[in-house]
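The values are calculated or read from the model by the stated rules, or taken from the named source; none is laboratory data. Just so it is clear, the model here is predicted, and its values are computed rather than measured. All Cβ positions, glycine included, derive from the backbone under ideal geometry; neighbour counts span all protein chains shown. To get the accessible areas, we keep the full protein, side chains included, count just its heavy atoms, and leave off ligands, DNA and RNA. Shrake-Rupley method; radii C 1.70, N 1.55, O 1.52, S 1.80 Å.
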Amino acid sequence: MTRHSIQKIWALVEHPSRYLGTEINRRLKAEADVKLRMALVFPDLYEIGTSHFGMQILYHLLNADPEIAAERVFMPAPDLIASLRAHGLALPSLETQRPIRQFDIIGFSLLYELNYTNVLGILQLGNIPFLSCERGEYDPLIIAGGPCTCNPEPVADFFDAMVIGDGESVIMEMTKQWMAWKRAGVGRKEPLLQTWSQIEGVYVPSFYSATYDGYGFQRLRNRDSFQTVNEPVAKRAIIGALDEAAFPEKPVVPFGKPVHDRLRLEISRGCTRGCRFCQAGMIYRPVRERSPESLVRLSEVSLNATGYDNISLLSLSTGDYRCIGPLLEELMTRGESRQVAVSFPSLRADTLTPEMMKQIKRVRKTGFTIAPEAGSQRLRNIINKNITKEEIARTVQNAFDLGWQVIKLYFMIGLPFEQDDDLNDLIDLVKELRRFRGLKKGGSQPKGKIHVSVATFIPKPHTPFQWAPQISIVESKEKIEFIRKSLKLPGIEFKWQNPEVSILEGLWARGDRRLSGLLKDAYGKGCLFDGWSDRFDYKKWMQSIADTGVNIDFFTTRKRNVTEPFPWDHIDIRISKEYLEQEWNRAKEGETTPDCRFGGCGQCGSCDFDTIEPVVFSSFERPVPDPELKTQRSVMKPDERFQTYRIVYSKKGEGRFFGHLEMVRLILHAIRRAGIPVRYTEGFQPKPKISFDDPLPIGMESEGEAFYLRVPETVLPQEIIAGLNGQLPEGLAVLDCLRVSERAPIRNTSVIPYRVTLMEGEFGEDTIEAFKRAPHFLMVQKSRKGELKKQNLKDIVLKIERISPDTLDILVSNESGKTVRPADILSAVFNLSTEAIRRATVVKLMVNPLESTANV
């Protein structure tokens with residue numbers, strides 16, 4: 001597959017930039033240097049997967065080896081899926097557009113159970129058999145990692161190997177063994193899988209077969225010895241010290257609109273708060289912090305490499321980072337002059353202090369999400385969420401008092417031992433917090449809002465609540481409706497997760513190998529993108545469950561005995577089952593367990609106190625600025641004199657696939673990476689003072705667009721041109737930089753010239769002559785309000801000339817109320833189909849740069 005062949009269908013889909021693979025910081029390797037090609041696959045849309053920090057780590061780590069080329073693959077949207085199938089094309093990677101079947105290893109990140117149908121979708125689009133037993137010696141090796149592998153059994157039949165735990169050291173050892181196997185020329189995969197199975201953290205499902213006893217419980221047998229497996233066969237891999245682990249200092253800066261458009265700075269891994277429902281808090285133990293000195297250095301390097309203006313401190317419990325106060329102050333001190341904000345993904349109410357809030361708002365206020373999880377203190381004690389109502393209330397009141405206008409609260413329903421009074425307490429708590437909203441300036445109306453999210457509790461493997469039943473869909477809906485009606489009040493926005501989604505997630509979280517047939521059947525019925533509410537089809541799933549004979553209640557809603565075996569018992573997650581049972585019993589009694597960072601060791605089994613133990617930093621020595629690391633300046637000083645420049649740039653080739661807002665974001669990132677200081681607006685949410693010409697539609701090229709930038713008088717035009725051209729992605733190039741008056745009058749170009757080239761077919765001369773001779777040529781359009789509007793194209797199309805059989809020049813009037821897009825002309829005059837128009841190359845030709853359509 002060539003890049004040109006895949007380009008033909010990019011023009012036919014929405015958001016084509018998500019498939020380009022030409023982002024800043026992406027890695028390309030010379031073909032002759034590469035010994036191993038690995039596809040890193042995230043089974044969801046680009047906008048979701050490109051923000052995943054684990055994938056960023058592996059991409060950085062693998063590509064650091066000169067003999068390995070790691071490329072990215074994401075689940076294409078339904079429109080591209082249809083186009084790939086219609087044109088007989090296989091799913092390609094982003095970087096080289098290589099069909100994924102041509103990779104040596106394909107590694108899936110499994111973060112969410114409802115992405116499993118997408119895994120099959122990607123394999124099918126790559127012309128790769130689903131089951132490992134169906135794949136031959138010339139098929140790629142299919143592996144997986146991520147939190148879902150802590151119960152690998154529901155999808156075990158689809159993978160050759162699965163990684164349990166921290167993947168950094170595991171994946172490099174696996175690639176090392178692959179290259180040794182390849183050099184040996186063995187050919188058969190079996191010896192390689194045997195070698196992989198000896199690596200800590202690797203599970204090879206095909207080495208074990210599943211049987212089921214009279215109670216319906218899965219038992220594994222060793223494939224060779226036929227002995228029942230009674231001990232763990234794979235042990236979670238773990239990185240002891242994060243300061244010694246790989247960090248993606250130059251992460252790929254995504255196109256489009258990623259869910260996390262910011263620098264993600266992992267400050268720690270693991271949590272020992274001991275929330276009994278939380279799988280991540282169990283399977284990532286113990287706590288391992290990065291040193292604050294290392295984090296400050298990494299933030300400087302990564303901000304320079306990305307151009308981000310926001311740092312997200314990534315952790316399961318950010319407020320528990322021992323040096324969070326000094327670290328936050330240092331990051332804000334360095335970031336304030338550059339307009340770099342700091343945000344937290346979520347915080348415990350007992351760790352978010354007014355001092356931290358004041359630090360955060362030094363640049364701009366970012367959002368706060370607080371997770372009380374339960375409404376009553378009784379239930380919070382049962383789940384070991386050791387925060388009080390007073391701590392929650394104090395945190396919310398402080399946030400509103402300091403100017404925050406939106407606070408997000410997250411709760412669960414259906415927790416073990418939940419009673420009706422717990423739901424009433426949840427409602428009362430939200431109503432009490434609602435009273436803390438401040439008043440609008442000069443008025444009596446409250447300005448603050450509380451967003452409440454509720455989800456049904458799902459018992460997960462390797463947690464104390466793995467023995468708990470999940471509540472039924474009916475009960476879940478009744479509880480949600482009760483809360484919704486009770487919180488139907490001004491200033492409260494209520495959202496909830498679909499209980500049908502929750503029950504299916506529970507099935508896949510605690511299922512066994514009997515579900516592989518269900519997955520294939522559901523995919524065959526059309527189930528895909530099950531994690532998206534507009535795509536989830538519960539009826540199809542229920543039909544597949546009935547057709548395959550799966551007993552969903554067996555895996556989800558029934559009560560369990562602590563002596564029964566689990567499908568995941570053969571996975572050693574480094575938390576003893578005895579500890580989990582002890583915590584389950586403490587929950588029954590409403591007893592809490594302290595965090596081992598602040599009390600004695602809880603004997604959970606995660607630490608050996610040799611190479612694995614908690615790593616925390618209790619002091620912070622402010623680092624001396626690195627003389628080799630130039631901190632890029634991005635904000636003008638208040639007293640600096642400024643000047644306004646008109647930046648002329650072209651948008652060609654693959655640049656035509658950038659939408660206008662996306663392109664603005666790309667240019668802002670490029671300005672920051674280039675270190676060009678710009679003027680910012682005043683107020684609580686400062687923005688760079690930059691304005692653009694009228695936007696172009698996606699798919700149109702241009703020889704000359706413009707934007708306007710306010711910079712210090714000391715910045716020279718040639719510095720702007722060189723700086724931006726060194727940082728812009730392929731398809732965008734700065735051509736000129738002209739100084740203009742801040743109060744220059746608006747000047748409109750009276751005409752706009754276009755050149756259109758068809759990919760297939762040609763423009764009929766008879767059609768052109770007929771248009772020229774016609775006294776009138778009416779075209780009916782819909783206005784933005786949906787009203788029909790008639791226009792005479794003869795008043796708008798000033799010139800139309802065929803340059804060659806497939807190329808046309810058009811000159812269009814740009815008078816107010818009398819302008820149309822070239823696509824409208826091609827449809828009305830030449831009766832071209834929407835697909836033909838989208839595949840055509842439309843270029844807006846250069847106009848006089850002194851004639852501006854922008855409001856400076």
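Key figures
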item: Of the criteria (1) buried (at least 17 other Cβ atoms within 10 Å of the Cβ); (2) over 28 Å from Glu505 (Cβ atoms), which one Ile143 fails; result: (2)
item: Total residues in region 506-517, condition touching a residue at least 40 places away in the same chain (Cβ under 8 Å) and open to solvent by 20 Å² or more (accessible area, probe 1.4 Å); result: 2
item: Check on Ile483, farther than 23 Å from Pro565 by Cβ and surrounded by fewer than 21 Cβ atoms within 10 Å (Cβ to Cβ); result: no
item: Residues that are open to solvent by 30 Å² or more (accessible area, probe 1.4 Å), within 30 Å of Gly602 (Cβ to Cβ) and part of a loop (DSSP other than H, G, I, E, B), drawn from region 258-276; result: Arg273
item: Unique residue being within 29 Å of the chain's Cα centre (by Cα) and surrounded by 17 or more Cβ atoms within 10 Å (Cβ to Cβ) when the list is Leu415, Leu429; result: Leu415
item: Only one of Lys488, Lys449, Lys495 that is surrounded by 15 or more Cβ atoms within 10 Å (Cβ to Cβ), more than 27 Å from Gly590 (Cα to Cα) and out of contact with any helix residue (DSSP H, G or I) (no Cβ under 8 Å at 6 or more places or on another chain); result: Lys449
item: Test result for Ala522, out of contact with any helix residue (DSSP H, G or I) (no Cβ under 7 Å at 6 or more places or on another chain), open to solvent by less than 50 Å² (accessible area, probe 1.4 Å) and not β-branched (Val, Ile, Thr); result: no
item: Residue list for region 807-827, filter: among the small types (Gly, Ala, Ser) and either farther than 15 Å from Val756 by Cα or touching a Gly at 6+ places or on another chain (Cβ under 6 Å) (or both); result: Ser813, Ser816, Gly817
item: Of all residues making up region 589-600, the number that are open to solvent by less than 80 Å² (accessible area, probe 1.4 Å) and either in contact with a Cys (Cβ under 7 Å, 6 or more places away or on another chain) or not acidic (Asp, Glu) (or both); result: 7
item: Matching residues in region 375-394 - criterion: being of a type in the set (S, T, N, Q) and over 14 Å from Val430 (Cβ atoms); result: Gln377, Asn381, Asn384, Asn386, Thr388
item: Qualifying positions in region 214-244 - under 17 Å from Ser197 (Cβ atoms) and exposed (fewer than 14 other Cβ atoms within 10 Å of the Cβ); result: Asn222, Arg223, Asp224, Ser225, Gln227, Glu231
item: Number of the exception - Met357 against (1) crowded, with 18+ Cβ neighbours inside 10 Å; (2) touching a strand residue (DSSP E or B) at 6+ places or on another chain (Cβ under 8 Å); result: (2)
item: Unmet requirement for Val562, which otherwise passes all of (1) farther than 23 Å from Ile164 by Cβ; (2) part of a helix (DSSP H, G or I); (3) among the hydrophobic types (A, V, I, L, M, F, W, C); result: (2)
item: Scope region 675-692; condition open to solvent by 20 Å² or more (accessible area, probe 1.4 Å) and closer than 22 Å to Val740 by Cα; matching residues; result: Gly675, Arg679, Tyr680, Thr681, Lys687, Pro688, Lys689, Ile690, Ser691, Phe692
item: Within region 302-351, tally of residues that are farther than 20 Å from Glu289 by Cβ, of a type in the set (S, T, N, Q) and touching a helix residue (DSSP H, G or I) at 6+ places or on another chain (Cβ under 8 Å); result: 2
item: Exclusive hit being touching a strand residue (DSSP E or B) at 6+ places or on another chain (Cβ under 7 Å), crowded, with 18+ Cβ neighbours inside 10 Å and under 25 Å from Val847 (Cα atoms), set Pro729, Pro717; result: Pro729
item: Failed criterion for Ala828 (all others in (1) outside any helix (DSSP H, G or I); (2) modelled with pLDDT of 90 or more; (3) not β-branched (Val, Ile, Thr) hold); result: (1)
item: Residue satisfying condition, being under 30 Å from Ala245 (Cα atoms) and open to solvent by 10 Å² or more (accessible area, probe 1.4 Å), within set Glu71, Glu67; result: Glu67
item: Entirely in region 314-394, the helices (runs of 4 or more DSSP H) that have 2 or more residues that are in contact with a Leu (Cβ under 9 Å, 6 or more places away or on another chain) and closer than 27 Å to Lys588 by Cα; result: 377-382
item: Residue selected from region 1-53 under the condition in a helix (DSSP H, G or I) and small (Gly, Ala, Ser), by the criterion surrounded by the fewest Cβ atoms within 10 Å (Cβ to Cβ); result: Ala32
item: Every residue from region 574-611 that is farther than 25 Å from Gly319 by Cα, among the polar types (S, T, N, Q) and over 34 Å from the mean Cα position of the chain (by Cα); result: Gln582, Asn585
item: Of the criteria (1) in contact with a helix residue (DSSP H, G or I) (Cβ under 9 Å, 6 or more places away or on another chain); (2) outside any strand (DSSP E or B), which one Gly107 fails; result: (2)
item: Members of region 195-211 that are out of contact with any strand residue (DSSP E or B) (no Cβ under 6 Å at 6 or more places or on another chain) and not hydrophobic (A, V, I, L, M, F, W, C); result: Thr195, Ser197, Gln198, Pro205, Ser206
item: Of all residues in region 802-827 being touching a strand residue (DSSP E or B) at 6+ places or on another chain (Cβ under 7 Å) and over 27 Å from Asp693 (Cα atoms), the one that is most open to solvent (accessible area, probe 1.4 Å); result: Ile803
item: Residue among Phe255, Phe247 that alone is closer than 19 Å to Leu40 by Cα, open to solvent by less than 10 Å² (accessible area, probe 1.4 Å) and either in contact (Cβ under 8 Å) with a residue 12 or more places away in the chain or among the small types (Gly, Ala, Ser) (or both); result: Phe255
item: Any hit, region 644-653, residues being of a type in the set (D, E, K, R), open to solvent by less than 20 Å² (accessible area, probe 1.4 Å), closer than 26 Å to Arg26 by Cα and within 28 Å of the chain's Cα centre (by Cα); result: yes
item: Residue within region 160-170 that is outside any helix (DSSP H, G or I), among the hydroxyl-bearing types (Ser, Thr, Tyr) and open to solvent by 30 Å² or more (accessible area, probe 1.4 Å) present; result: no
